Amino acid sequence: MIQAPNYVNPYLQCPVVPAPTYNAVKIDVNNPTMSAPGVGQVAMNMPQYAQAPQYPAPQYAPVTQPLYNYPQAQMYEYPQAPVQPYYMPQQPMPQMMPQTVCPPCICQQPEQQVQPAQVAQTVAPQVVPQQVIQQQNINAPQPMVTQPQQTPKETPKVEVVEPQAMAPQVDLNSFIAKLTNPDYDVQANAMEEIANMVNDNPQKATELLDEKVVNALTSIINADSSKLAGPTPEQIAARQKMMKGEQLSDAEKQLASTITPMEQAERNKSYAMFTAAIMQKLYADEVNKLTGTKVPLTELPGAVTIVEQLKNNPNPMVRTSAIEALSYVQQPEYKQDLNTLFSIAKNDQDPMVKEAATSALAKLEQLA
């Protein structure tokens, strides 16, 4: 076995050079240097590089100013905790309390030697207004403020007064009693009073727009007067002499002016139709005022009864009164119906009825 000559590898005897370390923490900012190959030392201690020239370490100009200029103020500024004040027991708030200035803190003047008397004076309790205490220590328990107890005011007693029924202005029962009275003169006076009230005080007369009043007037109009005592032949003769202008004795004058029960009943029929016409007009006006509608002629209270008297009553005086009553309530809405009725009455056999119908037609034509 051939042994190799004793050959020493120069590379194996080179001292181990530690690997350069790069640590930013260890870098000197004012005179920075790096431990790197070729900078201030030989890269490796090898024979072939033994005679290599040594490169001096690079020289840098000394740093006269810091590399970074930034403010030296603290990054976070927070209020310093004040000295915990001494709280006095709760006392009533004075009306005017001067605001006291807190003495300078002892720790802020370390160079001055504080005497015990000064310490006692400094730490002496200060009277601080309640508002300042609340601002300095928000989390401190707030004192309870007791409000003076107020005596409740007595609630005035409200007396409830029951509404009083409005007293009627018209004695309705009295009028009904008069209209149903068998005395024809009492009936005539009651109807005359109603007619005057409607003309003088229509608002008061509206209380008479009652069904009982209408029924009483209707009963007077439909009353059967054929069985009542009428004028005697002597009365008829005395009246004819009076109409001719002849002289009459006292007995004849009294006999001619006496009105029989049948004549009183027929007279009250004329009064009742005219009174009913006045009430019908008042009723139609009130309905139009409240609802803005017109009441048809056939729906006026008592109008149908008046029309029947115009057609069928044998007394020409009653037929004439019926024409005058219907002409009193005429309106443009009733023009067609009234024209028909008056045209029929114009052909009546009695001259007085003809004259009344002709006058009513002429008045009807003047309506718009």
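Derivation of every value follows stated rules applied to the coordinates shown; laboratory data play no part. All of these numbers come straight from a predicted model, not from anything done at the bench. In this analysis, Cβ positions are derived from the backbone assuming ideal geometry, glycine residues included, and neighbour counts consider all displayed protein chains.
Note on Ala177 and Glu207: the model spin-label points, each 7 Å out from Cα along the C-beta direction, lie 1.6 nm apart. Pairwise inverse Cα distances across the stretch 273-368, averaged and inverted, put the Kirkwood hydrodynamic radius at 13.5 Å.
Enumerate by residue number the GluC sites (Glu not before Pro) in the stretch 196-264 meeting two conditions: DSSP loop (anything except H, G, I, E, B), and at most 11 other Cβ atoms within 10 Å of the site's Cβ.
Numbers: sites: Glu207, Glu211, Glu234, Glu246, Glu252, Glu263; in loops: Glu246.
Answer by residue number: Glu246.
Quote to one decimal, in nm, the extra length available between Lys253 and Lys294 on full extension: 0.36 nm per residue of separation minus the C-alpha distance between them. Working shown, then result.
On the way: separation 41, 0.36 × 41 = 14.76 nm, distance 5.04 nm.
That pair, Lys253 and Lys294, stretches by 9.7 nm at full extension.
Considered as an equivalent ellipsoid built on the Cα gyration tensor, the stretch 172-365 has semi-axes of 32, 22, 14 Å, the largest given first.
Cross-link partners of Lys363 among lysines, defined as those whose alpha carbon lies under 27 angstrom from its own and excluding same-chain residues fewer than eight positions apart: Lys269, Lys281, Lys289, Lys294, Lys311, Lys335, Lys346, Lys354.
Would you calculate the convex hull of the Cα atoms in the stretch 329-368 and tell me its volume per residue in Å³?
On the way: hull volume 2.1 nm³, N = 40.
Looking at the stretch 329-368, the number lands at 52 Å³ per residue.
The length gained by stretching the chain between Glu162 and Asn215 to full extension, at 0.36 nm per residue less their Cα-Cα distance, is 15.6 nm. With the cut-off at under 13 Å, measuring from each backbone N in the stretch 256-299 to a point 7 Å along the Cα-to-Cβ line of Met242 picks out 256-260.
Label-to-label distance for Tyr328 and Asp350 is 1.7 nm, based on points extended 7 Å past Cα in the beta-carbon direction.
Over the stretch 155-302, what is the relative contact order in whole percent, taking alpha-carbon pairs under 8 Å and six or more residues apart?
Details: 119 pairs, mean separation 38.4, N = 148.
The normalised contact order for the stretch 155-302 reaches 26 percent.
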